[in-house]
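Taking it in order: structure first as C-alpha cells, then the write-up.
Where a number appears in this text, it was derived from the coordinates with a stated rule and is not lab data. These numbers come from a predicted model, not from an experiment. Every residue, glycine as well, gets a Cβ built from its backbone with ideal geometry; the counts of neighbours run over all protein chains shown.
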Amino acid sequence: METMPVGGNPPVVAAMTDATTTNAAATDARPTLLASGDHRGAHDHSRVVAIDGPAAAGKTTVARALADRLGAMLFDTGTLYRAVTLAALRAGVPFADGPALAALADERHIDVTSPSAPDGRLYDVRLDGEDVTWPIRDPDVEAHVSEVAAHPAVRAALLPAQRRIADGSAVVMVGRDIGTVVVPDAGVKVFLEASLDERARRRHAELIERGTAAALADVLADLRARDAIDRGREVSPLTVAVDARVIRTDGKPVDQVVDEIERLVRAAWANPAQGAP
C-alpha cells in the first residue's frame, strides 16, 4: 500500500469552475476542474477525510493541522461558495435567483492555491485573478453565503469539481455536506460540533483580529440564521452522516481534536477494506 509522507506543507489544490474550458489541465500545472459531466462512480475517494460541521466549529483550523501532519491536500469547499457570493454581491445578482447564481458560478474563474502572504491565511483564493482571500470572509459575504449555497442549481454547478479534486488523492475536505453528498464514499468522515455561543465567540475573535468591526451579538445572530438555513435547506442539508465520528470541540485544544482524527485516519488507511473504526 502506498504510504503518505508525514509533516511538511501540504499541497493546496487549485480549483476552477469554467464551463468553457475543456482541457486546460493538460497545459497548466494547476488542475482545472469543470462543473459538468461528473460520474461519481468513476472516482476513488478512499483516502478522503471528510470534515463537516456548522460554521465556526473549527473545521478549517483542524483540517489545516491534520493535512499538514498527513502530508495531504487541504480543500475547504466553502471557499467556492464564498467566492460565488462575493461575485454576486459585486454583480448585483439577487440571492434568490438560483439559476443566475449558478450561471455566475460557471462563468467565473475561481482558484484556491498555496498561501502567498504571511498574514494568517491558509491559502489564496482568487476570483478572476483577483486575490479575494480576505474579502470572501467579510460580514456581507458571511451573511449571504448560506443563502447562495442553499440553491440546488449552485450546488449542482460546483459539485463535480469538488469530486474531481478528491479523486485518487489523500485530501482533507471541509464543508457542510462532504460526507453525506459530495463524497459519501470518503474513507473517513468526521462531524465537528460546538455550541452556538462558543462558535460565535470564535468567529467574533477572528473578525476582530482581522480589524473588522463586529458586535458579538450580531455575530451570534448571524450564525443562528446560518444554522437554520444550512440545516433546513431542501438539497444537501447540514446533517451528520450515519458513519461519521462526531467530535465536540468546545473547550478542546486544536491539537487534541487533530490527534483524535489522525488516529482514525491512520487506522482507516492501514486497513482500507475496513474503513475508519
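Divide the volume of the convex hull around the Cα atoms of the range 28-169 by the residue count and you get 126 Å³ per residue.
How would you rank 96-109, 240-253, 52-65, highest first, on the average number of other Cβ atoms within 10 Å across their residues? Kindly include the intermediate steps, with their values, before the conclusion.
Values: 96-109: 17.9, 240-253: 15.0, 52-65: 22.8.
Those peptides, ordered most packed to least, come out 52-65, 96-109, 240-253.
Just to confirm a number: summing +1 for Lys and Arg and -1 for Asp and Glu over residues other than ILE208 whose beta-carbon lies under 12 angstrom from that of ILE208, what do you get? Its environment carries a net charge of +2. Taking every Cα-Cα distance in the range 98-183 and sorting them into 10 Å bins from zero, the calculated P(r) comes out as 14, 43, 39, 4 percent. Could you give the distance between the Cα centres of the range 106-129 and the range 191-221, to the whole Å? Their Cα centres are 23 Å away from one another.
Could you calculate the contour length gain from ARG224 to THR113, that is, 0.36 nm times the residue separation minus the distance between their Cα atoms, to one decimal place in nm? Spell out each step's value before the answer.
Details: separation 111, 0.36 × 111 = 39.96 nm, distance 3.07 nm.
Full extension from ARG224 to THR113 adds 36.9 nm.
Computed from backbone phi with θ = phi - 60° and the Karplus coefficients 6.51, -1.76 and 1.60, the 3J(HN,Hα) list for the range 140-156 is 4, 6, 4, 6, 10, 5, 5, 5, 5, 5, 6, 6, x, 5, 5, 5, 5 Hz; x is used for glycine and proline.
Highest mean first, how do 148-156, 73-81 rank when packing is the count of other Cβ atoms within 10 Å averaged over residues?
Highest-to-lowest ranking by the protection proxy: 73-81, 148-156.
Electrostatic tally near SER195: other residues with Cβ closer than 9 Å to its Cβ, Lys and Arg +1, Asp and Glu -1, net -2. Overall, the ratio between the Cα radius of gyration of the range 172-237 and 2.2 N^0.38 Å, rounded to two decimals, is 1.32. Derived scalar couplings between HN and Hα for the range 74-82 equal 10, 9, 8, 5, x, 4, 5, 5, 5 Hz in order, rounded to whole Hz, by the Karplus curve 6.51 cos²θ - 1.76 cosθ + 1.60 (θ = phi - 60°), x for Gly and Pro. Semi-axes of the equivalent ellipsoid of the range 85-231 are 23, 20, 18 Å, computed as sqrt(5λ) over the eigenvalues of the C-alpha gyration tensor in descending order.
With one equal scatterer per alpha carbon and no solvent term, the Debye-computed log10 I(q)/I(0) for the range 203-277 at 0.11, 0.15 1/Å reads -0.50, -0.83.
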